[in-house]
Amino acid sequence: MNLDIVGDDLKVTLSHGEVVRFAHLDYAASAPCVRAAADAVQDLLPRYGSVHRGTGVRANASTLAYELARDVVAEFVGAGEEHEIVFTRNTTDALNLLARSLPPGTTTILFDGEHHANLLPWPNQLRLPTPSSPQEAIAALHQALKTTRQAVVTITGASNVTGEVWPIRELADVAHAYGVRMIVDAAQLAPHHPVSLTELGADYLAFSGHKLYAPFGAGVLAGRADWLDAAPPHLAGGGASAVVGDRPGEITWATGPARHEGGTPNLLGAVALAAVCEALATADRDALLAHEETLLARLRDGLATVPGATEVSVFGPGHPRVGIVSIALDGRDPAEIAGVLGRDHGVGVRAGQFCAHPLVRRLTDSAQTGTCGAGTPGLLRASFGLGSTADDVDRLLAGLRAALRT
Ligand code: PMP
């Protein structure tokens, strides 16, 4: 119940007039809202007020709800004493915050297949070519760490292009062996797998509420407090400042999460996100995963029989992945095919380069594919999660087959 999708029966009128249930297969961009998030917001709406400011029942209830949300998220990521939870706008915001919190002189080691949110913010980068196996990734990281003195490593938990799960634990062990911290972009991992800082071996985790069934615009940066407390505030302003003198520069900045949460926080976003974390924490994750695996197998087996459509991967077809599959289309424009799927079949997917241009370029170089727009390489991506059904997958496969025949 808590994890039921709000709007699961959304209807759409197809180009030929038939009305069907919309098959949403773009969870990786933004997942639909679950009941737990909607209920939490609904519950607070009649009572909410300012957070950390003001008195009275609304302000008190809001401050309490906000800090409880932080505690729930802390538990969701298995945070310890040394960690803190900062609410951000989204993953992009969280990673930008962290990039500006690195000790001076730090080199960020990463692979070039990252989403732009985990590719662009880092100031001094050592960008390694995307490896073709987990073993190659581990070896490349060893090599890089041997010659880089002061470093941090940042890696996606699961690729937003191929859905492939990166060997985070193993890479974190390598980083730690060199005394280096590990950052995990968990935007695509958190909706599908438990994300514990300790189990992943991560020092920092970033993820977004809107991909975790809580579409109210809050994200999370969870991780070690020391760098965050020493960094300039993410947003200078009220809340981030403890004491402000009369002259410019006479400021004592707050420590703890407040330092980076300048301005009035997104209370409803944080509460919605925490409600989903709580619902997931008590759900049968193995059963959810098994459902997803079944859909994944159905989609991938089906795709193998669609002429002109080829699934892409970095680590090869046997590597574990979350519910994301990107498809190269022989000589066809993925944007055009995505449009046909929407108009004629009521299926929502995504076409293009998914904010991971270097990776998609690499994958499309090695696959025969159509172009998206003015000669830009592109793929078609289907992604799913809670609320997805075998019918969604079948409609995508039938629609794709028909669209590629014309
Ligand atoms: N990292 C990954 C792996 C993603 O898939 C995305 C979103 N597509 C982001 C980061 C950025 O997330 P947001 O847009 O919520 O900031």
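Rounded to a whole number, what % of the accessible area of the chain do carbon and sulfur atoms account for, probe 1.4 Å?
54
Work out how much length Asn2 to Asp112 would gain on full extension: take 0.36 nm times their residue separation and subtract the Cα-Cα distance, in nm to one decimal.
Stretched fully, the Asn2-Asp112 segment lengthens by 35.8 nm.
Give me the distance in nm between label points sitting 7 Å out from Cα along the Cα-to-Cβ direction at Thr147 and Ala281, one decimal.
That separation, rounded to one decimal, is 4.5 nm.
Looking at region 91-208, I'd like the Rg to Rh ratio, where Rg is from alpha-carbon atoms and Rh is Kirkwood's inverse mean 1/r. Write out the running numbers ahead of the final one.
Values: Rg = 12.7 Å, Rh = 13.9 Å.
Rg/Rh for region 91-208 comes to 0.91.
What's the ranking of 194-205, 303-314, 47-58 by average number of surrounding C-beta atoms within 10 Å, highest first? Write out the running numbers ahead of the final one.
Numbers: 194-205: 21.0, 303-314: 17.6, 47-58: 13.8.
Top to bottom by mean Cβ count within 10 Å: 194-205, 303-314, 47-58.
For region 231-279, how big is the tail of P(r) above 15 Å, as a whole percent of Cα pairs?
Value for region 231-279 (Cα pairs over 15 Å): 52 percent.
To test your reading of the geometry: what angle, between 0 and 90 degrees and rounded to tens, separates the Cα axis of helix 134-147 from the longest principal axis of the chain?
Relative to the chain, helix 134-147 is tipped by roughly 40 degrees.
Hey, what do the phi angles of region 154-164 turn into as Karplus ³J(HN,Hα) couplings, whole Hz, using 6.51/-1.76/1.60 and θ = phi - 60°, x for Gly and Pro?
Karplus values, whole Hz, x for Gly and Pro: 10, 8, 6, x, 9, 5, 6, 9, 9, x, 5.
Taking 0.36 nm per residue of separation and subtracting the Cα-Cα distance, what length does fully extending Val244 through Ala139 add?
On the way: separation 105, 0.36 × 105 = 37.80 nm, distance 4.94 nm.
So the extension gain works out to 32.9 nm.
Calculate, for Ala230 and Thr294, the FRET efficiency according to 1/(1 + (r/R0)^6) with r their C-beta to C-beta distance and R0 45 Å; round to the nearest 0.05.
That pair, Ala230 with Thr294, gives E of 0.45.
How big is the Cα convex hull of region 1-90 in projection, averaged over all directions, in nm²? Please list the in-between numbers first.
On the way: hull surface 35.7 nm².
Its average projected convex-hull area is 8.9 nm².
Keeping every protein chain present and rolling a 1.4 Å probe, give me the accessible area per residue for region 60-215 in Å².
36
Relative to the longest principal axis of the C-alpha atoms of the chain, give the angle of the C-alpha long axis of helix 56-76, reported between 0 and 90° and rounded to the nearest 10°.
The angle comes out at about 60 degrees.
Along the Cα-to-C-beta direction of His357, a point sits 7 Å from the Cα; which residues of region 327-347 have their amide N less than 11 Å from that point?
none
Using amide H atoms built 1.01 Å from N in the peptide plane, name the residues 5+ places from Arg321, or on other chains, whose amide H lies under 5 Å from its own.
Result for Arg321 returns Val165.
What is the spin-label model distance, in nm, from Thr198 to Arg169 if the labels are put 7 Å beyond Cα along the C-beta direction?
1.4
Would you kindly compute the Cα radius of gyration of region 292-336 and its largest Cα-Cα separation (Dmax), both in Å?
According to the Cα coordinates of region 292-336, Rg and Dmax are 11.0, 30 Å.
Return the ratio Rg/(2.2 N^0.38 Å) for the chain, where Rg is computed over Cα atoms only.
1.02
Taking amide H positions as placed 1.01 Å from N in the peptide plane, with prolines and chain starts having none, which residues 5 or more places from Glu311, or on another chain, fall under 5 Å of its amide H?
Residues meeting the criterion, in which the H sits 1.01 Å from N, are Ala328.
What is the packing order of peptides 143-149, 31-37, taking the mean over residues of other C-beta atoms within 10 Å and listing the highest first?
In descending order of packing, they fall as 31-37, 143-149.
With an 8 Å cut-off on Cα pairs and a minimum separation of 6 or more residues, tell me the relative contact order of region 91-208 in percent.
Working: 202 pairs, mean separation 28.7, N = 118.
Worked out over region 91-208, it gives 24 percent.
Please give the helix 35-44 orientation as an angle from the longest Cα principal axis of the chain, in degrees from 0 to 90, rounded to the nearest 10.
Long axis of 35-44 versus the principal axis of the chain: about 40 degrees.
For Arg405 and Leu14 in the same chain, what is the full-extension length gain: residue separation times 0.36 nm, less their Cα-Cα distance, in nm?
Residue separation times 0.36 nm, minus the Cα-Cα distance, leaves 138.9 nm.
The values are calculated or read from the model by the stated rules, or taken from the named source; none is laboratory data. These numbers come from a predicted model, not from an experiment. Neighbour counts run over all protein chains shown; Cβ positions are idealised from the backbone, glycine included. Please note that ligands, DNA and RNA were not included when accessible areas were found on the heavy atoms of the full protein model with its side chains. Shrake-Rupley method; radii C 1.70, N 1.55, O 1.52, S 1.80 Å.
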